[in-house]
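The next block holds one structure in the form of structure tokens; read it before the comments.
The values are calculated or read from the model by the stated rules, or taken from the named source; none is laboratory data. Keep in mind it's a predicted model, so treat the numbers as computed, not measured. A quick note on method: Cβ atoms are made from the backbone with ideal geometry, for glycine too, and the neighbour counts reach across all protein chains shown.
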Amino acid sequence: MPKLLTKKGQDATDENYFIGGTVERLQCFDEFLGRLPHKHKLFVAGNHDAPFANVTSKEAGVLLKNATCYLENSGVEIGGVKFWGSPWQPEFFNWAFNLPRGRRLAEIWALIPDDTEVLITHTPPYGILDRVDSGEHVGCEDLRRALQRVKPKVHVFGHVHEDRGVTPQNGTTFINACICNRYFMAVYDPIVFDL
């Protein structure tokens, strides 16, 4: 069984490389990826990752020379394990990768292949590790509905810093892998899990 280390969290950072979304921070993040000893490094953008919002998936992959694969509504098979990832989330201020709740997000989640084993999204599904400090659930309802069809072994996400953790539910292990707290401070260790 392969070991997987999550570095998802304050988007793809543990040092807030993309807050502000500059290319210089992107280059710093790519150098950080290059220092990691892991053979495969999958990248899914998030709401702070503005450099990726206005380029094609192919161009984004070129921006990160030290990532095995950039996933934007796409998948990859590594070692016989099928991964699929997406950066989109329900509208949240005026950040990158926002869509209104409803039809457009549902269309994206409809792209997830039924045989996906590890799903990586920026947003959590509604009602699963998605509570903010007020107690309100802010995850995506349409993603939650898509999970009734897909049923991955593992679903890794971030975005909601206040509800970090791991919970099994209906045959899927859900991991809110945020490494930053709500103040964007990298205070949590990465989560390691076996498939």
In segment 138-165, what residues are assigned to a strand (DSSP E or B) and surrounded by fewer than 18 Cβ atoms within 10 Å (Cβ to Cβ)?
165
Residue 88 vs. criteria of a type outside the set (S, T, N, Q) and at pLDDT below 95
no
Residue check, residue 125 surrounded by 22 or more Cβ atoms within 10 Å (Cβ to Cβ), modelled with pLDDT of 95 or more, under 18 Å from residue 164 (Cβ atoms) and not aliphatic (A, V, I, L, M):
yes
Residue count, segment 112-137 (criterion: in contact with a helix residue (DSSP H, G or I) (Cβ under 7 Å, 6 or more places away or on another chain), assigned to a loop (DSSP other than H, G, I, E, B) and charged (D, E, K, R))
3
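One line per residue, one yes/no per condition, for (1) out of contact with any Gly (no Cβ under 7 Å at 6 or more places or on another chain); (2) of a type outside the set (Lys, Arg):
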position: 123; (1), (2): no, yes
position: 134; (1), (2): yes, yes
position: 145; (1), (2): yes, no
position: 173; (1), (2): yes, yes
position: 185; (1), (2): yes, yes
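So that you can scan it fast, the table gives a plain yes or no per residue for (1) closer than 23 Å to residue 53 by Cβ; (2) of a type in the set (A, V, I, L, M, F, W, C):
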| residue | (1), (2) |
| --- | --- |
| 99 | yes, yes |
| 105 | yes, yes |
| 108 | yes, yes |
| 111 | yes, yes |
| 116 | no, no |
| 119 | yes, yes |
| 123 | yes, no |
| 130 | yes, no |
| 138 | yes, yes |
For segment 47-62, which residues satisfy the criterion of being among the polar types (S, T, N, Q) and within 14 Å of the chain's Cα centre (by Cα)?
47
Pairs only if they're at least six apart or on different chains, beta carbon under 6 angstrom, first in segment 166-193 and closer than 20 Å to residue 143 by Cβ and surrounded by 15 or more Cβ atoms within 10 Å (Cβ to Cβ), second of a type in the set (S, T, N, Q) and modelled with pLDDT of 90 or more; list them, first residue then second.
174/167
Check off (1) part of a strand (DSSP E or B); (2) more than 30 Å from residue 168 (Cβ to Cβ) for residue 66 and give me the number that stays unchecked.
(1)
Those residues of segment 63-84 which are closer than 20 Å to residue 50 by Cα, hydrophobic (A, V, I, L, M, F, W, C) and within 15 Å of the chain's Cα centre (by Cα), in sequence order:
67, 69, 71
So is residue 107 more than 16 Å from the chain's Cα centre (by Cα), under 25 Å from residue 179 (Cα atoms) and modelled with pLDDT of 95 or more or not?
no
